[in-house]
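The values are calculated or read from the model by the stated rules, or taken from the named source; none is laboratory data. All of these numbers come straight from a predicted model, not from anything done at the bench. Methodologically, a virtual Cβ is constructed for each residue, glycine included, from the backbone with ideal geometry; neighbour enumeration extends over all protein chains shown.
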Ligand code: PMP
Ligand code: GLN
């Protein structure tokens, strides 16, 4: 800061005052000795704003993250807190209790005789949990999964995806992403300095009965994305948000391209236990020649309806899993012990009744099916055209026919689905998620006419959503 000092007998005041000399402004302050100090504000401001610019330049979000600072989850969870919608069909979580044996296990563990159940456990996965994950998945993939080096327990499926992507993607590597996609894939690829290459699922038809099976990939377009820089393809089946279950034929097409171009497959299967009969979830790792090049991701949050437990896993061949372990051991090291033990005991419980219809891996989809059917019917009755999901607990519904009933001009968002979901929530009290969040910038228009509804909710809340939409429709004839 520049400082000019001079004595003046004809300046008299008590506090600081501003004086202009020529082009410059000064603050005049008299010191105890009677000396008046003139502090140059212009220079101080210039220096300050220069310092501020340097600060903002230096500490801005690193360019490799792209537009990663915006998150639909952060924004819409905040909206739910602010608007307190009558029914929240936005973020995917059940609004009712998980199976009793699951929550009871956690309660018992926290107060158990064994003090070590509240201390750090093995970094790559708590012993009882990796043993049980091996017992669950070995028969499903038709090979003995080594619990020590072919399974990694992670902080939710999120961290499994993160460790797989950060562990395998080098600067400049390309990763093929199928749209709509679970939004964090894009950010994680960019964090690894990789390049996402997007291909959209498109509906074969848009009117009449549309199911998630109608949303398909163009084989030629997919083939054209594979090149020597391709490191990985991310496949999400069953799919969020569409509920699509990729068929054997579709998975074979992807598998053949992976083998031909020596590409890894990261298979996000968190909704694996929610396929509606007769549709069957197929693990791409079971296709010929695919175990060697596939990392499969699962989630306890989805498996046992405890999304707040934030525990997931990845499994695959030891050589591929090593890279994930390196990321995990240096940024997480070990996950929460009591939660892992509770999940292990929950698997014990389900493994003991594996072949019974009561097993949660079978009963969950049975429990969800009437909810899906109710919401499909309700949405149709209220002017939406829903895509009927073959799995999972989301419905993507086209709201084009409601466009003339809702004035979106008061909403300032860039994309129509953001405007629609916000205005719809304000007018009906029903909160949903805008699907453009699941598209890359160039393809956002593909999601703009849709809204995503979550139906793993109490029947009374689904009924209330139906009632509120009906009342809104009646008012806006
Ligand atoms: N993948 C998909 C497709 C998801 O929908 C989610 C959200 N549950 C995740 C991964 C992350 O799961 P988790 O809550 O276990 O981190
Ligand atoms: N997977 C859940 C969903 O799609 C939750 C995502 C999240 O909260 N980040 O709604």
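Filtered by the rule that a residue be at pLDDT 70 or above and assigned to a loop (DSSP other than H, G, I, E, B), region 35-82 gives 59, 60, 61, 62, 66, 69, 70, 71.
Here is a yes/no grid of residues against (1) at pLDDT 95 or above; (2) under 30 Å from residue 74 (Cα atoms):
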| position | (1), (2) |
| --- | --- |
| 88 | yes, yes |
| 91 | yes, yes |
| 95 | yes, yes |
| 102 | yes, yes |
| 105 | yes, no |
| 110 | no, no |
| 114 | yes, no |
| 117 | yes, no |
| 123 | yes, yes |
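Within region 83-91, one or more residues are under 25 Å from residue 444 (Cβ atoms), away from ligand 2 (no atom under 16 Å from the Cβ) and part of a helix (DSSP H, G or I). So, in region 368-395, of the ones that are out of contact with any helix residue (DSSP H, G or I) (no Cβ under 9 Å at 6 or more places or on another chain) and without any contact (Cβ under 8 Å) to a residue 60 or more places away in the chain, which residue ends up farthest from residue 306 (Cα to Cα)? Looking at the filtered set, the residue picked out is 380.
Is it fair to say residue 200 is in contact with a strand residue (DSSP E or B) (Cβ under 6 Å, 6 or more places away or on another chain), within 13 Å of ligand 1 (Cβ to nearest atom) and at pLDDT 95 or above? Judged against the criteria, residue 200 is not a match. Can you find a residue that is surrounded by fewer than 19 Cβ atoms within 10 Å (Cβ to Cβ), in contact with a strand residue (DSSP E or B) (Cβ under 8 Å, 6 or more places away or on another chain) and more than 30 Å from residue 344 (Cβ to Cβ) anywhere in region 246-262? There is at least one residue in region 246-262 that is surrounded by fewer than 19 Cβ atoms within 10 Å (Cβ to Cβ), in contact with a strand residue (DSSP E or B) (Cβ under 8 Å, 6 or more places away or on another chain) and more than 30 Å from residue 344 (Cβ to Cβ). Report whether or not residue 419 is touching a residue at least 12 places away in the same chain (Cβ under 8 Å) and either within 24 Å of the chain's Cα centre (by Cα) or assigned to a helix (DSSP H, G or I) (or both). Answer is no for this residue.
Of the residues making up region 425-444, those that are more than 16 Å from ligand 1 (Cβ to nearest atom) and touching a helix residue (DSSP H, G or I) at 6+ places or on another chain (Cβ under 8 Å) number 10.
For region 172-184, the condition holds for at least one residue, the condition being that it is over 23 Å from the mean Cα position of the chain (by Cα) and either assigned to a loop (DSSP other than H, G, I, E, B) or at pLDDT 95 or above (or both).
None of 303, 286, 337, 307 is buried (at least 23 other Cβ atoms within 10 Å of the Cβ) and in contact with a helix residue (DSSP H, G or I) (Cβ under 8 Å, 6 or more places away or on another chain) except 303. Considering (1) under 13 Å from residue 298 (Cα atoms); (2) outside any helix (DSSP H, G or I), the lone condition that residue 133 does not fulfil carries the number (2).
Where helices (runs of 4 or more DSSP H) fall entirely within region 278-381, those with at least 1 residues that are within 16 Å of ligand 2 (Cβ to nearest atom) and not assigned by TED's automatic domain parsing to the domain that holds residue 162 are at 360-381.
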